[in-house]
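As structure tokens, the structure follows; a few thoughts come after it.
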Amino acid sequence: MPLDLSLNLATVRMQWKLPQAVEAAARHGFVGVAPWREMVEETGIAESARIFKANGVRVTGYCRGGLFGAGGRKNLGAAIDDNKRMIDEAAAIAAEGIVIIAGGLAPGSRDLSDTRAMFVEGLAAVLPHARACGIPLALEPMHPMYAADRGCVTTLREMLDIADLLGNDGLGIAIDTYHVWWDPELAVQIARAGKRIIAHHICDWLVPTRHMLTDRGMMGDGVIDFPAIRRMVEAAGYHGVQEVEIFSDYWWGRPGDEVLSTAAERFKSVCQ
């Protein structure tokens with residue numbers, strides 16, 4: 001029986017290329033996959049779309065857009081154009097949405113306020129194209145430890161304020177347990193997000209965390225209360241798939257089939 005679970009392909013990016021990862025996800029009962037842009041580029045857009053269809057998996061997300069201020073104001077226009085191209089790619093592979101992160105400071109910058117402003121400006125510039133293509137943009141706040149280099153918008157409250165400012169149409173919210181589990185306002189802000197929640201990502205927070213990027217945990221190995229967060233998400237109106245997304249030197253060093261079988265078992269025993 002298919003699992004109500006999607007595989008973010010970064011979880012096995014060291015073991016397999018896109019064709020092998022998609023085949024393995026389907027074989028292990030995952031209903032969908034979420035590819036990264038560089039994997040699709042390597043395989044080719046048309047061939048990637050064929051592979052997804054041939055394996056009968058949904059493309060639950062496409063990673064990752066946004067990062068409008070990461071190159072500074074002189075490169076904002078280029079970032080906007082690149083995000084529009086990504087929207088076209090998402091449509092070509094029948095992705096159900098694009099994961100959007102805020103991005104970090106430009107090299108040499110200390111102006112966090114202007115970086116956040118550029119994120120809003122960039123979103124406003126690409127949103128009409130996303131709407132025209134029917135590609136929702138899933139805004140994902142990131143853990144504060146990434147504020148300088150990956151995600152200057154760090155709370156669900158901030159992301160919802162931005163969505164409200166831009167009118168919400170075409171914008172959704174991605175709830176990633178790794179990034180939001182600590183937030184004292186989590187229950188209130190998930191309820192506020194309501195039907196705007198269009199993605200729910202899962203992996204665990206390890207204690208200790210040995211690396212800021214590549215030491216995420218398999219569900220059940222850390223401190224996150226997955227059933228509690230899922231109850232919040234479902235109470236807000238989201239009953240869609242959960243997407244396992246693990247950046248981990250440990251799990252990248254394990255056989256891919258072991259990673260997927262463990263993720264499937266933990267989804268059933270820990271996350272529901």
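The values are calculated or read from the model by the stated rules, or taken from the named source; none is laboratory data. Just so you know, these numbers come straight off a predicted model, no measurement behind them. Note: ideal-geometry Cβ built from the backbone for every residue, glycine included; neighbour counts use all protein chains shown.
Given the criteria of a type outside the set (Asp, Glu), closer than 15 Å to Gly32 by Cβ and in contact (Cβ under 8 Å) with a residue 24 or more places away in the chain, does Ala79 qualify?
Numbers: of a type outside the set (Asp, Glu): yes; closer than 15 Å to Gly32 by Cβ: no; in contact (Cβ under 8 Å) with a residue 24 or more places away in the chain: yes.
No, not satisfied.
Looking for something β-branched (Val, Ile, Thr), touching a helix residue (DSSP H, G or I) at 6+ places or on another chain (Cβ under 9 Å) and crowded, with 16+ Cβ neighbours inside 10 Å - is there at least one such residue anywhere in the range 60-77? Quick ask: steps written out before the conclusion?
As a first pass, look at the range 60-77 and keep what is β-branched (Val, Ile, Thr): 60.
Checking which are touching a helix residue (DSSP H, G or I) at 6+ places or on another chain (Cβ under 9 Å) leaves us with none.
Scanning the range 60-77, I find no residue that is β-branched (Val, Ile, Thr), touching a helix residue (DSSP H, G or I) at 6+ places or on another chain (Cβ under 9 Å) and crowded, with 16+ Cβ neighbours inside 10 Å, so the answer is no.
Restricting to the range 203-221, name every residue that is of a type outside the set (Ser, Thr, Tyr) and within 18 Å of the chain's Cα centre (by Cα).
Cys203, Asp204, Trp205, Met212, Leu213, Asp215, Arg216, Gly217, Met218, Met219 - these are the residues of the range 203-221 that are of a type outside the set (Ser, Thr, Tyr) and within 18 Å of the chain's Cα centre (by Cα).
Can you tell me which of Glu265, Glu158 is charged (D, E, K, R) and without any contact (Cβ under 8 Å) to a residue 12 or more places away in the chain?
When all the criteria are applied, what remains is Glu265.
I need the helices (runs of 4 or more DSSP H) fully contained in the range 148-204, keeping only those with at least 2 residues that are touching a Leu at 6+ places or on another chain (Cβ under 8 Å) and either at pLDDT 95 or above or under 20 Å from Leu67 (Cα atoms) (or both). Write out each step before concluding.
Working: elements: 156-166, 177-180, 186-193.
Correct list: 156-166, 186-193.
Every residue in the range 50-59 that is touching a helix residue (DSSP H, G or I) at 6+ places or on another chain (Cβ under 7 Å) and not in a strand (DSSP E or B), please.
Applying the first criterion (touching a helix residue (DSSP H, G or I) at 6+ places or on another chain (Cβ under 7 Å)) to the range 50-59 yields 51-52, 55-57, 59.
Of everything in the range 50-59, those that are touching a helix residue (DSSP H, G or I) at 6+ places or on another chain (Cβ under 7 Å) and not in a strand (DSSP E or B) turn out to be Ile51, Phe52, Asn55, Gly56, Val57.
Hey, any hits in the range 100-111 for a residue that's polar (S, T, N, Q), under 12 Å from Cys152 (Cα atoms) and touching a residue at least 24 places away in the same chain (Cβ under 8 Å)?
no
Residue-wise test of (1) touching a residue at least 24 places away in the same chain (Cβ under 8 Å); (2) in a loop (DSSP other than H, G, I, E, B); (3) out of contact with any strand residue (DSSP E or B) (no Cβ under 6 Å at 6 or more places or on another chain).
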residue	(1), (2), (3)
Ala21	yes, no, yes
Ala26	yes, no, yes
Ser48	yes, no, yes
Arg64	yes, no, no
Ala70	yes, yes, no
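Please go through the range 222-270 and pick out each residue that is in a loop (DSSP other than H, G, I, E, B) and either within 18 Å of the chain's Cα centre (by Cα) or more than 27 Å from Val188 (Cβ to Cβ) (or both).
Ile224, Tyr238, His239, Gly240, Val241, Glu245, Ile246, Phe247, Gly253, Arg254, Pro255
Taking the range 86-107 only, how many residues are surrounded by fewer than 23 Cβ atoms within 10 Å (Cβ to Cβ) and assigned to a strand (DSSP E or B)?
Final tally of qualifying residues: 0.
Somewhere in the range 128-146, is a residue part of a loop (DSSP other than H, G, I, E, B), under 13 Å from Val233 (Cα atoms) and touching a residue at least 40 places away in the same chain (Cβ under 8 Å)?
Within the range 128-146, the subset part of a loop (DSSP other than H, G, I, E, B) is 134-136, 140-143.
Retained after the next criterion (residues that are under 13 Å from Val233 (Cα atoms)): none.
Looking for residues that are part of a loop (DSSP other than H, G, I, E, B), under 13 Å from Val233 (Cα atoms) and touching a residue at least 40 places away in the same chain (Cβ under 8 Å), one finds none in the range 128-146, hence no.
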